Amino acid sequence: MTSGTHDYLEDPRNATILISINGEMLLRDDAKVSVFDSGFMLGDGVWEGIRLHRGSLLFLDAHMDRLFEGAKAIDMDIGLSRSEMVARIRAALDANGMTTDVHIRLMVTRGIKSTPYQHPKVTITPPTVVIIPEYKVATEGAGLRLATVHVRRGAPDVQDPGLNSHSKLNCILACIQADKMGADEALMLDPHGFVATCNSTHFFIVRKGQVWTSSGRYCLAGITRANVLDLSRDNGIEAFEKDFSLIDVYGADEAFVTGTFAGLIPVTEIDGRAISSEKGPVTTRLQNLYKDLCEREAGA
């Protein structure tokens, strides 16, 4: 893979970061969880990716909403209040002396089990809370190449794609297939054959000045996705959440993906079809609007 949605500049400081496990600070090489942990054993848990920019945890309320709603959906009591969780994140950042250009992976699993078995009743500890803060500055490449894969985003009665769970095997399979096809990210369809999302980001196209993204029924409730939709509508750009097919994608004027880590990333090629040889005007405008939004959020 020559490019990707999570490419970043290597930073030697990451070799000695302190990681928080249940409030205890451990050096990177010493940070470990039990083989009986629900997350390791079953992918049973929820997580968030959060950016620290100029001292501010960007869009923190939205991230906490999604984390606690996800935990409630899987009937897991995190064991911490929202304010206590934020304090624990801040403690990890303070322990590392971090102030900006940091990406945080916050993971909460159901806890340690007495034996390998999926039923929550054999969980014998409170939830495991892991906070990994790393110095990460996204690199800007020439644009992404996407490939449509056979792996679908499932219906909510199978495994609701709106749940930000540790169980990501379908996305991993999609990622692997796209990589084997020489692409940077997988474009995934919904059960009806309409475009849903990518394996780790949300997908948008631009047609005749309009911004389109999927209906949202078969993808995670993306925070950057929602911000981009709001920014579009607030700045006179027509934006729609709707069903559309690959035919609409292949005829698009521009395409881009969104995510917490890198913001907006332009897409130049999909299934071997050139979308745009350079970053388009709508993508460029939205990138700038999103950067301004992050600065305002940090200033606030």
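The values are calculated or read from the model by the stated rules, or taken from the named source; none is laboratory data. Bear in mind the structure is a predicted one, so any value in this text is a computation, not a measurement. Cβ coordinates were reconstructed from backbone atoms using ideal geometry, including for glycine residues, and neighbour counts include every protein chain displayed.
If the condition is being of a type in the set (S, T, N, Q) and surrounded by fewer than 18 Cβ atoms within 10 Å (Cβ to Cβ), then the stretch 180-216 contributes 210, 215.
When you look at residue 252, is it buried (at least 17 other Cβ atoms within 10 Å of the Cβ) and within 20 Å of residue 174 (Cα to Cα), yes or no? So residue 252 does not fit the description; no.
Working carefully through the options 152, 105, find the one that is in the same structural domain as residue 48 (by TED's automatic domain parsing) and among the basic types (Lys, Arg). Walk me through it before giving the result.
Values: 152 fails: in the same structural domain as residue 48 (by TED's automatic domain parsing).
Result: 105 is the single residue among 152, 105 that is in the same structural domain as residue 48 (by TED's automatic domain parsing) and among the basic types (Lys, Arg).
Only one entry of 194, 204 meets the criterion of being more than 19 Å from residue 287 (Cβ to Cβ) and of a type in the set (Phe, Trp, Tyr), and that entry is 194. Where strands (runs of 3 or more DSSP E) fall wholly inside the stretch 1-62, the ranges with 1 or more residues that are among the aromatic types (Phe, Trp, Tyr) and either surrounded by fewer than 17 Cβ atoms within 10 Å (Cβ to Cβ) or not assigned by TED's automatic domain parsing to the domain that holds residue 172 (or both) are 45-53. Out of the residues in the stretch 63-92 meeting the condition of being touching a Ser or Thr at 6+ places or on another chain (Cβ under 8 Å) and over 29 Å from residue 160 (Cα atoms), tell me which one is surrounded by the most Cβ atoms within 10 Å (Cβ to Cβ). Checking each candidate, the answer is 92. Does the stretch 3-54 hold any residues that are among the small types (Gly, Ala, Ser) and closer than 20 Å to residue 109 by Cα, and which are they? Those that are among the small types (Gly, Ala, Ser) and closer than 20 Å to residue 109 by Cα: 20, 23, 31, 34, 38, 39, 43, 45, 49.
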